[in-house]
Protein chains: 4
Amino acid sequence: MSMNSFGHLFRVTTWGESHGPALGATVDGCPPGVPLEAEMIQIWLDKRRPGQNKNTTQRNEPDQVRILSGVYEGKTTGTPIQLMIENTDQRSKDYGEIEKTFRPGHADITYWQKYGIRDPRGGGRSSARETAARVAAGGVAREVLKVLVPGLEVKGYMTQMGALHLNRDNFDWDAIDHNPFWLPDASAVAEWEAYLTKLRTKDNDSVGAAVEVVVRGAPAGLGAPVYAKIDTDLAAAMMSINAVKGVEIGEGMAAAALRGTENADEIYMGENGPEYSSNHAGGILGGISTGQDIVVRFAVKPTSSILTPRKSITKSGEAIDVITKGRHDPCVGIRAVPVGEAMAACVVLDHLLLDRGQTGGVRGPIG
Amino acid sequence: MSMNSFGHLFRVTTWGESHGPALGATVDGCPPGVPLEAEMIQIWLDKRRPGQNKNTTQRNEPDQVRILSGVYEGKTTGTPIQLMIENTDQRSKDYGEIEKTFRPGHADITYWQKYGIRDPRGGGRSSARETAARVAAGGVAREVLKVLVPGLEVKGYMTQMGALHLNRDNFDWDAIDHNPFWLPDASAVAEWEAYLTKLRTKDNDSVGAAVEVVVRGAPAGLGAPVYAKIDTDLAAAMMSINAVKGVEIGEGMAAAALRGTENADEIYMGENGPEYSSNHAGGILGGISTGQDIVVRFAVKPTSSILTPRKSITKSGEAIDVITKGRHDPCVGIRAVPVGEAMAACVVLDHLLLDRGQTGGVRGPIG
Amino acid sequence: MSMNSFGHLFRVTTWGESHGPALGATVDGCPPGVPLEAEMIQIWLDKRRPGQNKNTTQRNEPDQVRILSGVYEGKTTGTPIQLMIENTDQRSKDYGEIEKTFRPGHADITYWQKYGIRDPRGGGRSSARETAARVAAGGVAREVLKVLVPGLEVKGYMTQMGALHLNRDNFDWDAIDHNPFWLPDASAVAEWEAYLTKLRTKDNDSVGAAVEVVVRGAPAGLGAPVYAKIDTDLAAAMMSINAVKGVEIGEGMAAAALRGTENADEIYMGENGPEYSSNHAGGILGGISTGQDIVVRFAVKPTSSILTPRKSITKSGEAIDVITKGRHDPCVGIRAVPVGEAMAACVVLDHLLLDRGQTGGVRGPIG
Amino acid sequence: MSMNSFGHLFRVTTWGESHGPALGATVDGCPPGVPLEAEMIQIWLDKRRPGQNKNTTQRNEPDQVRILSGVYEGKTTGTPIQLMIENTDQRSKDYGEIEKTFRPGHADITYWQKYGIRDPRGGGRSSARETAARVAAGGVAREVLKVLVPGLEVKGYMTQMGALHLNRDNFDWDAIDHNPFWLPDASAVAEWEAYLTKLRTKDNDSVGAAVEVVVRGAPAGLGAPVYAKIDTDLAAAMMSINAVKGVEIGEGMAAAALRGTENADEIYMGENGPEYSSNHAGGILGGISTGQDIVVRFAVKPTSSILTPRKSITKSGEAIDVITKGRHDPCVGIRAVPVGEAMAACVVLDHLLLDRGQTGGVRGPIG
């Protein structure tokens, strides 16, 4: 019910504005006895962190996470874990001018309409900075998953940036971590780099992106019928990320074009249980995981904060041309990769706990 | 938290299997004093009902809804409303043979794995029949919306069926209710009809579809930041519908291809407040409604129950060719239209109540 | 969040009015594979049922429960279980006159004020009849507990009725089920009988009661810190029963008079783990069960519907003397015994599922 | 569902251990535009703060609250408010010895059993220090109530400390804030002082207490039937406070002794609506407020940490005599007064928001 929480048993509540003193996440329901140090979380925050290269905002935040509760002598205690990230770089003067105007495509206007007040400094609560808290929470989820399902992997990568699409024929899982786009195709990196540089330096524009997250090694049986389907929660988790406008599982929107004969993932008996000849389903049938790769994809719209003027109005209703100066990512989709991974890790862990809560882990035998 | 509920303040819990004695929805948190009769709900169920024409399953259920609680002398009392639909046509012999085999692309196998037991009669809880309960709940939501936001409209229609796409140049809002596909283009109906007939009678196949739902007339200010975004809840609501594999808001997945200059819906001052030159955002910015049309789209995969054999296994792990006889829709996407409408109505009403709960309906003035 | 639900993982939503067509409970999150037949639930409803003897309302309802969903071939499937009880004896003429007046001590006036509408027939939703749905849900919880914690017992009994108190020196667990007061002292039954008969036939009055429920055999480790303490949920569960005005765990309100030296339940090592020299704590320390008997007690106020006139007002604000004719229990506390048991069973089961969800059932070893 | 949250729309999540770096509360769902400064919250923390006089623990924490989010230029923004209190006085050496032993009557043993790990420093999460976070959240609730229901008062006081009872004939509302016991009877303060001094200095013992909280000025119509009754939530809120063993509304447990004729609060027409000749109901009928004073009472058990030895065991199962040195309150009930007030404020505000969410504030007219 809370407006700033997600998850059922493994439940994350985030708080904090872009330019307040700090932001963070409260992680409730974490299993006890799991090794956890700030450094384990920090590596994911470093991955998301802005200011690392010229493709992301030049805001330079160390984004150091502190664990304020729920951990004793390097292990989780089962009580709520508070993860806090202090905001050290709060050049609020950059944002002062936008208090009275609404950026087209931005939450400025709707926050104002709804609440009659908004924190204009860096977008306040609507800033993409909130996703740092998600990444921190996802870091905790990953450590728990490591204990509960050894070998489970959660991996995100870009599949599209504006006009450029990932060529799946070149798909290389090992390339993902070695380029600034988390692109599973090393051969395309230079082209993506050039595309974004032109966009940023010549066009004063931004661009959308698509991100795919794969969960490999999740057991069959996670999820539940109807509203607590694991795909329902994945859809909600991804759509709740700033700027996301679409979410797909497996074939996604392309399923509309398929025939039943094409779409049916045929089943055969493997050595360790059922296997599938294909994965149109994205690892989920009837809201419950099949044991195949769980595949979720989402689209991130282009940043609305651009240097090219757009028509808008002020609070007093006067027409104005808006140009957003300051430090903004030309493609927020890049930094959405670790955020999507974090959300997927949280959802899968939550469903693992829900499943063992309800069923105790019983499984119907096959073969 | 419940696995079969959705909504926060206006909260719907559905129950019931395809071939049990009945199914239904418990609607909690409904505002009091709203005129409500079973007939008002029945019209939406009739719209969803199978057996109406040759394009949908020939199962012939009257799907009569009864209001068992929460209404007194034709008005809601504020207490839970129980909506029950009895299952009258339960030819369970049609389904007996599938108890030991798993249909490819169907929840058969995951239900079995998760629970170690499943009701095989008509798909049990995983049957699309569950959506009748959603449509009934949506009927209640519509009546409440009628009182709270006179003039608000919730309208769904198909935009794609397999290889056929809606030609948006022909878009005709008034055509929607006058053809079996809820297609906003009367001129294309014959082609869609022929396409589906061939699929069903010649190809023994099924096909996917895309459905768009528009909420017209919702006020600005519905939704909330981060996890209770109205698009988060819409995504969850649609993804929780059987067979849905993708959800889009506004531009949806196409946002990945756009530039910031293209995507920004420019704002100008209209007579009654802010207006927008376009609606790439689908009526939602930062998780909060703008007052424009809320536009959500979802893809429905092709029915997995087809007459063409697919390879699968039995419970004991033996290979088998599966053919699904019985009464099945060649395109479940058609009947998903009223279901999507119902979910959208529930989400919008829920957010209306949440908004007046938290903010009391205050709005930041513009102009 | 729902207003008519309780529980977290094992979650019960009740619905229905006293004189509507039916009432019931939707049980969500039930573990799969548990043997369940309507008869197993019916025995608890029969225990609660009115009309059995002259001490309870003469309304004669068979209170037959039907299982409409969630069970297949005699076993739970993990999907929502709908339990419906039809109202067969709806002599609404008995209640017609009270539509315009407010009974002192009754929810008539607050329902009217809050909702601006109320179902006056038999108290509508505020009727004690709602508790039948709880008893049915509790019957399901008991069957699950039987599987998960064999030997666990949930037992309720009266400890006070007006001026009469249970003499704990005579406490006899085996007597409870053999008298109409569920009194653990057979020697006092005649006196209680006479007291209530006089109250009903001579005094035209009603009387309050105290009920104690014991859960014997629950393992240590159920509950959670702070808000999901097992005593928090027990307190909420009991206080949510109609007419309950106080809830106590262990020493309860008497703890205010104790010293630390008296109240500390000393610990020693037993054969199977820690044991305690006393149980002032009522089996709960820091919100978590100790493995001792969980002891919860609650007070039920006297029925407000009595034949002796009380001063009140009508809807139009005029003074009136109210006499409530019709069939009413002189001591609703009697029928609250099985209701309290049902709530305790639901809470304990819910916490069993929550505990294995979060911790997986790990326990810190002692000795 | 979260284990460390309470409230529905106005939802508070607390976090933090006694001797960790900090503790706090995340307040979600707060209405926007409410004036809020740290000082407004600080006054309530100062009231609860230990070390103020010899009757409470000598631990000397300034308990300075910081607002880290959700407030802009002195007003709430509608986004989550993070309230953090740093722990400055963490003399952990005082507690080192108790890591391997279980204090009788304390959560030491159950935390260990449940989680297999516990933070022994100062009781970790089970410390009464957690209540500072509740008091801070309650401070926010009070400021919102000030705006929504001007004139509403929330006031707590002690009614019992061990053998001493408040003499209600001397009840003086104005005396409450002027003595260390929040006792509404100035004439009894010296006796209470002497009693506690002897207990602490001579007897090496602690003592229980009873606290009553009154909410004056709440409108009729707050609450809901069945599980979201306002008394259900008050019972849960109070029982969730450390060391609380009983909760009463109005007559509370004493209702068991009353007759219907005595208990019925007769109604008459006052100048501004219905009034009542008495308030046995404690301001709540059928789970909904009547407009009278809401009266809730709870019992706090004596501190288990005392200097008199009690028998217990160690982790390895060996018998041991436990004496708890260190700084402990002889009567934690004293400091429970502002905690009870805070919880009551949160519950009432939450129900105000829920009510306007569901009903929009409509009220059935009387007279």
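What to note about this one:
- Share of carbon and sulfur in the accessible area of the protein assembly as shown stands at 50%, probe radius 1.4 Å.
- Label 7 Å beyond Cα on the Cβ vector: residue C:309 copy-to-copy distances, nm: 7.0, 8.3, 8.7
- Take each residue in D:349-356, count the other chain C-beta atoms within 10 Å of its C-beta, and the mean is 3.
- Between A and B, buried accessible area from a 1.4 angstrom probe totals roughly 9000 Å², ignoring ligands, DNA and RNA.
- Overall form of the stretch B:214-350 per C-alpha gyration tensor (a/c, 1.5; a/b vs b/c): prolate
- Integer Hz, Karplus 6.51/-1.76/1.60 couplings in order for the stretch D:229-246, x for Gly and Pro: 3, 5, 6, 4, 5, 5, 4, 5, 4, 6, 5, 7, 6, 3, 6, 7, 10, x
- Residues with amide H under 5 Å from that of residue A:76, placed H, sequence gap 5 or more: A:33, A:34, A:36
- Compared with the dominant principal axis of the Cα atoms in chain A, helix A:38-48 is inclined by about 60°.
- Mean residue ellipticity (222 nm) of chain B, computed from DSSP H runs ≥ 4 via -39,500 (n - 2.57), nearest 500: -8000 deg cm²/dmol
- Charge tally in the Cβ shell below 12 Å around residue D:143, where Lys, Arg are +1 and Asp, Glu are -1, residue D:143 excluded: +1
- Spin-label model distance (nm) - residue D:170 vs residue B:172, 7 Å beyond Cα toward Cβ: 8.8 nm
- Modelled spin-label separation between residue C:262 and residue B:190, with each label point placed 7 Å from Cα along the Cα-to-Cβ direction: 9.4 nm.
- Here the 3J(HN,Hα) profile of the stretch B:124-133, calculated from phi with Karplus coefficients 6.51, -1.76 and 1.60 at θ = phi - 60°, is x, 6, 7, 5, 5, 4, 4, 5, 4, 5 Hz, Gly and Pro shown as x.
- Surface accessible to a 1.4 Å probe, per residue, for the residues of the stretch D:116-256, Å²: 28 Å²
- Relative contact order for chain A, counting Cα pairs under 8 Å that sit 6 or more residues apart, in percent: 21 percent
- Binned Cα-Cα distance frequencies in the protein assembly as shown - 10 Å width, integer %: 2, 9, 17, 22, 22, 16, 9, 3, 1, 0
- Extension gain, residue D:38 to residue D:216, is 61.6 nm, computed as 0.36 nm per intervening residue step minus the present C-alpha separation.
- Cubic angstrom per residue, convex hull over Cα atoms of the stretch C:93-148: 105 Å³
- Fraction of alpha-carbon pairs over 14 Å apart in the stretch B:111-175 - percent: 75 percent
- Between the C-alpha center of the stretch D:209-287 and that of the stretch D:94-136 there is a gap of 33 Å.
- Violating pairs (Cα-Cα greater than 32 angstrom) within the set A:229/A:311; B:146/B:229; C:245/D:315: A:229/A:311; C:245/D:315
- Distant-in-sequence amide H partners of residue B:268 (H built 1.01 Å from N, under 5 Å): B:275, B:276, B:277
- Computed 3J(HN,Hα) for the stretch C:194-205, one whole-Hz value per residue from the Karplus formula 6.51 cos²θ - 1.76 cosθ + 1.60 where θ = phi - 60°, is 5, 4, 6, 4, 4, 4, 7, 8, 9, 8, 6, 10, glycine and proline marked x.
- Amide H contacts under 5 Å for residue A:22, placed H, 5+ residues apart: A:17, A:87
- Tensor-based shape of the stretch D:66-212 (alpha-carbon gyration tensor, a/c under 1.5 rounded, otherwise prolate or oblate): oblate
- Separation of the residue C:325 and residue C:46 label points, Cα + 7 Å toward Cβ, nm: 3.4 nm
- Shape category assigned to the stretch C:167-240 from the gyration tensor of Cα positions, a/c cut at 1.5: oblate
- Net charge of the neighbourhood of residue A:203, taken over other residues with C-beta under 13 Å away and scored Lys/Arg +1, Asp/Glu -1, is +2.
- Radius, Kirkwood style, for chain A when every pair of distinct Cα atoms is counted (Å): 21.6 Å
- Other residues lying with their Cβ under 13 Å from the Cβ of residue D:356 contribute a combined charge of 0, Lys and Arg counting +1, Asp and Glu -1.
- Along principal axes, Cα extents of the stretch C:241-315, largest first, whole Å: 63, 26, 20
The values are calculated or read from the model by the stated rules, or taken from the named source; none is laboratory data. Everything numeric in this text was worked out from a predicted model, so none of it was measured. As a convention, Cβ positions derive from the backbone with ideal geometry for all residues, glycine included, and neighbour counts pool all protein chains shown. All accessible areas refer to the heavy atoms of the entire protein, side chains included, with ligands and DNA or RNA removed. Shrake-Rupley method; radii C 1.70, N 1.55, O 1.52, S 1.80 Å.
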